[in-house]
Amino acid sequence: MIPVVLPTYGRADVAFERGEGAYLWSSDGRRFLDFGAGVAVTNLGHCHPKLVETLQNQAAKLWHVSNHYTITGQEKVAAKLVANSFADTVFFCNSGAEANECAIKMARRYQFTRGQGQRNQIICASGAFHGRTLGTIAAGGQEKYLEGFEPRLPGFVHVPFGNMNAMRDALSEHTAAILVEPVQGESGVIPGDPDYLRRLRAAADEFGALLVFDEVQTGMGRTAKLFAYEHAGVTPDIMSLAKGLGGGFPVGACLATEKAAAGMGAGTHGSTFGGNPLAMAVTESVLDCMLEAGFMDKVAANAALLRQRLEALCARFPAVIEEVRGLGMMIGLKCKGSNIEMVTRLRNNGLLLIPAGDNVARLLPPLIIGEAEIAEALTILEKTFAEVTP
Ligand SMILES: *Cc1c(COP(=O)(O)O)cnc(C)c1O
């Protein structure tokens, strides 16, 4: 008999009932150190007191009004995002896939508005992940997500991630935009070389295409900068955000320059729930926390400490871990054995990581971790590596 919840996920047999900071407690009373953060979502930890207070206060005032009216919270959050990014304007939605759908529509609309409607192709990277809607599985281009869901949406071309020659060969008078993740997440934590990202910017300009960064996972401090593009010193024309944006409250956003957004007038796009007062109140608090003086410096210092300790530990277990890679608080451990088995064993020992492609176990800890949580994670990793050492 089919379960009452559609069985689209392979779920671990554990249910959590309470969270605080970097810790989760399961219904059977066990405590876990959460270095997955709901896949890079609870970037400020579980039940951050400031976010709890904000949500409770907003819940007593106003939950939802239609986008037919002015939503003050949207204007406040958008102003903060604009003041702290490349962007001039923001569209609010509810998820990463939706943020990318907006980005794709905006790129096509930009070309259409300037009389270049034949430019409707989006060039993406192989191994990309942009979401699970019909549009974003076509953008991701991964067969495992497309199988059985034909016909696939046309208009997406794929080239190997990091290969500039292949990218330049694919650019043409049909290209609307280049769409990449600055660090590929789901396919195994693969950082784009800063020089590659800079050359994507130059090539997009040369060919009259827009540059779109999917920062759904890398954004909101995950790489120890508010946005990952800051590491490369180039800016996109359009950027999608979600995951960490609401600290656990569902919200997404598509940010753009005035030029890229020029075609998106009244009636071109919309969302019933997008940017509702509850989401905006929490998102404003998330931004306030991350923009506090010294916050990101502390994240960078702790990320460097975590990385250094991981490299030292993994060097002692070459038969278990092949490589440590990533950027900031987004770290992949490439496993020699099964990454799924590794994640399961770590969970049994009290540490939550997230599997990714290329046999990688991903560390996506909340950005608020300090020395104590890092030391505890390393102890559990060491114990687990010793268990599986052949
Ligand atoms: C998670 C993710 C998405 C999809 O986000 P949803 O909120 O699940 O729709 C898109 N792009 C990247 C890079 C992601 O990591």
Test for THR42: is it in the same structural domain as GLY332 (by TED's automatic domain parsing) and open to solvent by less than 40 Å² (accessible area, probe 1.4 Å): yes
Could you tell me which numbered condition SER285 fails, if it satisfies all but one of (1) hydroxyl-bearing (Ser, Thr, Tyr); (2) within 25 Å of ARG11 (Cβ to Cβ); (3) in contact with a His (Cβ under 9 Å, 6 or more places away or on another chain)? (2)
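Condition check ((1) touching a residue at least 12 places away in the same chain (Cβ under 8 Å); (2) over 23 Å from the mean Cα position of the chain (by Cα)) across all residues:
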residue	(1), (2)
ASN302	yes, no
GLN308	no, yes
LEU313	yes, yes
PHE317	yes, yes
ARG325	yes, no
LEU333	yes, no
GLU341	yes, yes
ILE369	yes, no
LEU381	yes, yes
Residues that are under 30 Å from LEU287 (Cα atoms) and either within 12 Å of the ligand (Cβ to nearest atom) or open to solvent by 20 Å² or more (accessible area, probe 1.4 Å) (or both): which strands (runs of 3 or more DSSP E) entirely in region 155-246 hold 3 or more of them? 210-214, 238-241
Looking at GLY357 and the list (1) buried (at least 19 other Cβ atoms within 10 Å of the Cβ); (2) in contact with a Leu (Cβ under 8 Å, 6 or more places away or on another chain), which single condition is not satisfied? (2)
Take ARG108 and decide whether it is in a strand (DSSP E or B), charged (D, E, K, R) and either within 16 Å of the ligand (Cβ to nearest atom) or in contact with a strand residue (DSSP E or B) (Cβ under 9 Å, 6 or more places away or on another chain) (or both). no
Condition met for SER95 (surrounded by fewer than 24 Cβ atoms within 10 Å (Cβ to Cβ), within 16 Å of the ligand (Cβ to nearest atom) and under 21 Å from MET220 (Cβ atoms)): yes
Just to verify a result, which residue in region 1-22, among those that are part of a strand (DSSP E or B) and in contact with a strand residue (DSSP E or B) (Cβ under 6 Å, 6 or more places away or on another chain), is least open to solvent (accessible area, probe 1.4 Å)? GLY19
Scanning region 117-150 residue by residue, those more than 16 Å from the ligand (Cβ to nearest atom) and crowded, with 16+ Cβ neighbours inside 10 Å turn out to be ARG119, ASN120, GLN121, ILE123
Check region 92-103 and report whether any residue there is part of a loop (DSSP other than H, G, I, E, B), under 25 Å from ASN276 (Cα atoms), at pLDDT 95 or above and not acidic (Asp, Glu). yes
When ALA107 is run through (1) in contact (Cβ under 8 Å) with a residue 40 or more places away in the chain; (2) surrounded by fewer than 24 Cβ atoms within 10 Å (Cβ to Cβ), the failure sits at (2)
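The values are calculated or read from the model by the stated rules, or taken from the named source; none is laboratory data. Being a predicted model, the structure only gives us computed values, none of them experimental. Note that we place each Cβ from the backbone using ideal geometry, even for glycine, and neighbour counts take in every protein chain shown. In case anyone asks, the SASA skips ligands and DNA or RNA and just uses the protein heavy atoms, side chains included. Shrake-Rupley method; radii C 1.70, N 1.55, O 1.52, S 1.80 Å.
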